[in-house]
Amino acid sequence: MKRNNQQRRHLIMQLLQKEGEVTVEALVKHFNTSEVTIRKDLSALESDGFLLRRYGGAVLMPKEFIEESTDNYLSERKFAIAKAAAERILDHNRIIVDSGSTTAALIKQLNHKQGLVVMTNSLYVANELRSLENEPTLLMTGGTWDSGSESFQGKIAEQVLRSYNFDQLFIGADGLDLARGTTTFNELVGLSQVMAEVSREVIVMVESHKIGRKMPNLELVWQQIDVLITDDLLSEDIKKLIEQQNVEVVCANTD
């Protein structure tokens, strides 16, 4: 029986809420439709904040992610972290700003920096940069668009990055494993690795509530990270544990 898009997506969400995860293959059989149609459904539901796409399927959006999107206090934390990050950028620096809401908050803090060269894989970050009065030089990685991370990824993006060298990388994280490093739901971590390789200093920007959260995919190991900028809710014990990894920890004041 044919169903319109809205009905089918509603039923996909019912299945997700029951099972916790779904596969493209199973949904194609269940709805007797094409793989292209199901992938479009999952992309639309992900854009609306209902699920996270994984290789071959999707999982329910974690509860804490949903809470984050409506928590104004978290926005204050992102602002404080971004302000602390901007203080480390000198005029004429060449920087990479990775995709993500915390790193995007950095752009508004760059209006008084002169002669910046900024590389990004995020259309949102690129558009924000274009609105700055000081008109930094904008570089884009290009590559293949990934709707999961809302950024460009892939081999072409990696090749473009390897053509340059940068003073600093500003990158976020879905979680931070105290034993291993930054972690993410996204399985596409190759570009993050290259970003770190071509940058003299790697700066991770992450809210304190994500520290200790272990996501399925390891992104950057501690040996690749120079600085962690977080908020002032980080406990002193956790701060010392991270500093034992030879990482500078900056706790931005949220007052």
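The values are calculated or read from the model by the stated rules, or taken from the named source; none is laboratory data. Since this is a predicted model, take the numbers as computed values, not measurements. Here the Cβ is made from the backbone with ideal geometry for all residues, glycine too, and neighbour counts use every protein chain on show. For accessibility, only protein heavy atoms count, side chains too; no ligands or nucleic acids. Shrake-Rupley method; radii C 1.70, N 1.55, O 1.52, S 1.80 Å.
Hand me the list of strands (runs of 3 or more DSSP E) wholly inside segment 83-194 holding 1 or more residues that are in contact with a Gly (Cβ under 6 Å, 6 or more places away or on another chain) and hydroxyl-bearing (Ser, Thr, Tyr). First the steps, then the outcome.
Working: elements: 94-97, 117-120, 137-140, 144-146, 151-153, 166-171, 175-177, 181-184.
Because the criterion is at least 1 residues that are in contact with a Gly (Cβ under 6 Å, 6 or more places away or on another chain) and hydroxyl-bearing (Ser, Thr, Tyr), the strands (runs of 3 or more DSSP E) in segment 83-194 that meet it are 144-146, 181-184.
Of the residues ARG130, ARG162, the single one that is surrounded by fewer than 14 Cβ atoms within 10 Å (Cβ to Cβ) and modelled with pLDDT under 90 is ARG130.
Condition first: charged (D, E, K, R) and closer than 20 Å to ARG200 by Cβ. Now tell me which residues in segment 91-137 satisfy that.
Keep residues of segment 91-137 that are charged (D, E, K, R), which gives 91, 94, 98, 108, 113, 128, 130, 133, 135.
If the condition is that a residue be charged (D, E, K, R) and closer than 20 Å to ARG200 by Cβ, then ASP91, ARG94, ASP98, LYS113 are the ones that fit.
For GLY190, are the conditions met, namely being over 12 Å from the mean Cα position of the chain (by Cα) and over 19 Å from TRP222 (Cα atoms)? Here the answer is no, as GLY190 does not meet what is asked.
Examine segment 138-145 for a residue that is open to solvent by less than 20 Å² (accessible area, probe 1.4 Å), touching a residue at least 24 places away in the same chain (Cβ under 8 Å) and not aromatic (Phe, Trp, Tyr), and state whether such a residue exists. Spell out the reasoning first.
First, the residues of segment 138-145 that are open to solvent by less than 20 Å² (accessible area, probe 1.4 Å): 141.
When the remaining residues are screened for being touching a residue at least 24 places away in the same chain (Cβ under 8 Å), the result is 141.
Add one more test, that the residue is not aromatic (Phe, Trp, Tyr), and what stays is 141.
Yes, that holds for at least one residue.
For segment 2-38, filtered to residues that are farther than 19 Å from ARG54 by Cβ and part of a loop (DSSP other than H, G, I, E, B), the residue that is most open to solvent (accessible area, probe 1.4 Å) is LYS2. In segment 165-192, which residue that is small (Gly, Ala, Ser) and closer than 22 Å to LYS239 by Cβ is most open to solvent (accessible area, probe 1.4 Å)? The qualifying residue most open to solvent (accessible area, probe 1.4 Å) is ALA179. Taking segment 150-186 as the range and being farther than 21 Å from GLN223 by Cα, more than 11 Å from the chain's Cα centre (by Cα) and free of Cβ contacts under 8 Å to residues at least 60 places away in the same chain as the test, the residues that pass are PHE152, GLN153, GLY154, LYS155, ILE156, ALA157, GLN159, VAL160, SER163. Considering every residue within segment 170-183, establish whether at least one is more than 15 Å from THR102 (Cβ to Cβ) and among the aromatic types (Phe, Trp, Tyr). Taking every residue of segment 170-183 in turn, none turns out to be more than 15 Å from THR102 (Cβ to Cβ) and among the aromatic types (Phe, Trp, Tyr).
Taking the criterion of being among the hydrophobic types (A, V, I, L, M, F, W, C), open to solvent by 20 Å² or more (accessible area, probe 1.4 Å) and within 15 Å of the chain's Cα centre (by Cα), the residues of segment 193-238 that qualify are ILE211, LEU218. The criterion of at least 3 residues that are in contact (Cβ under 8 Å) with a residue 24 or more places away in the chain and under 28 Å from GLN153 (Cβ atoms) is met by the following strands (runs of 3 or more DSSP E) wholly inside segment 195-255: 199-205, 217-221, 227-231. How about segment 113-127: which of its residues are within 19 Å of GLU87 (Cβ to Cβ) and either surrounded by fewer than 19 Cβ atoms within 10 Å (Cβ to Cβ) or among the polar types (S, T, N, Q) (or both)? Matches in segment 113-127: LYS113, GLN114, GLY115, VAL117.
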